[in-house]
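Undergrad: Attaching a single structure in structure tokens format; questions to follow.
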Amino acid sequence: MDALTQAQIDGLAAAMAERKRRLNEEIREGLAGIGYERYADALSGTADAGDESVANLLRDVAHAEVERDIGELRDIVAAERRIAAGSYGICIDCDTPIDPKRLEAYPTAKRCRPCQEIREKTRSAARSL
């Protein structure tokens, strides 16, 4: 398998930079409570347990979305560091090039597909213990 060309790396870096910008916006909005406040205002002052449950669920979903976005942002920052270090596109486990098609689909991939499958199986088995 061939290593990535500089043009491919540049294209993937640009896509990650755009995704990073959008994630930062989503995180700011999520932390500001946009979306949740609409419902919270409508439900404030009610003693209905169902309404309170809906408000709590919406808050929890917004919190989970922010956490997911932060995780994705961390992956992008790590990929940017690998680009700067010259190790982007190289599997962190076996040091072989990661398939460019995998990186197009998942630009922050740090493992080749076989190593990722091994990791997922190992983690899945460890969780079931």
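The values are calculated or read from the model by the stated rules, or taken from the named source; none is laboratory data. The structure displayed is predicted, hence computed values, not measured ones. Glycine also receives a Cβ, built like all others from the backbone with ideal geometry; neighbour counts cover every protein chain displayed. These accessible areas exclude ligands, DNA and RNA; they are computed on the full protein's heavy atoms, side chains included. Shrake-Rupley method; radii C 1.70, N 1.55, O 1.52, S 1.80 Å.
Undergrad: Name the single residue that is nearest to the chain's Cα centre (by Cα) among those in the range 55-69 being loosely packed, with under 15 Cβ neighbours inside 10 Å and aliphatic (A, V, I, L, M).
TA: Ala64
Undergrad: Filter the range 100-129 for residues that are more than 15 Å from Ala13 (Cα to Cα), in contact with a Lys or Arg (Cβ under 9 Å, 6 or more places away or on another chain) and open to solvent by less than 60 Å² (accessible area, probe 1.4 Å) and give the result.
TA: Arg111, Cys112, Gln116
Undergrad: Right, next: Condition first: within 14 Å of the chain's Cα centre (by Cα), part of a helix (DSSP H, G or I), at pLDDT 90 or above and of a type in the set (D, E, K, R). Can you find one or more residues in the range 5-18 that meet it?
TA: Filtering the range 5-18 for residues within 14 Å of the chain's Cα centre (by Cα) gives 15-18.
This time we only want the ones that are part of a helix (DSSP H, G or I), so: 15-18.
Subsequent filtering for residues that are at pLDDT 90 or above retains 15-18.
Next, only the ones that are of a type in the set (D, E, K, R) stay: 18.
Looking through the range 5-18, at least one residue is within 14 Å of the chain's Cα centre (by Cα), part of a helix (DSSP H, G or I), at pLDDT 90 or above and of a type in the set (D, E, K, R).
Undergrad: Any idea which residue in the range 1-21 is most open to solvent (accessible area, probe 1.4 Å), counting only those that are under 20 Å from Arg81 (Cβ atoms) and among the charged types (D, E, K, R)?
TA: So, considering only residues that are under 20 Å from Arg81 (Cβ atoms) and among the charged types (D, E, K, R), the one most open to solvent (accessible area, probe 1.4 Å) is Arg21.
Undergrad: Could you please give the count of residues in the range 111-129 that are assigned to a loop (DSSP other than H, G, I, E, B) and modelled with pLDDT of 95 or more? Steps first, answer last, please.
TA: Here is the first cut: in the range 111-129, the ones assigned to a loop (DSSP other than H, G, I, E, B) are 111-112, 128-129.
This time we only want the ones that are modelled with pLDDT of 95 or more, so: 111-112.
Residues that pass the stated criteria total 2.
Undergrad: Can you list the helices (runs of 4 or more DSSP H) lying wholly within the range 24-110 that have 1 or more residues being modelled with pLDDT of 95 or more?
TA: Working: elements: 36-43, 49-85, 100-105.
By residue number, 49-85, 100-105.
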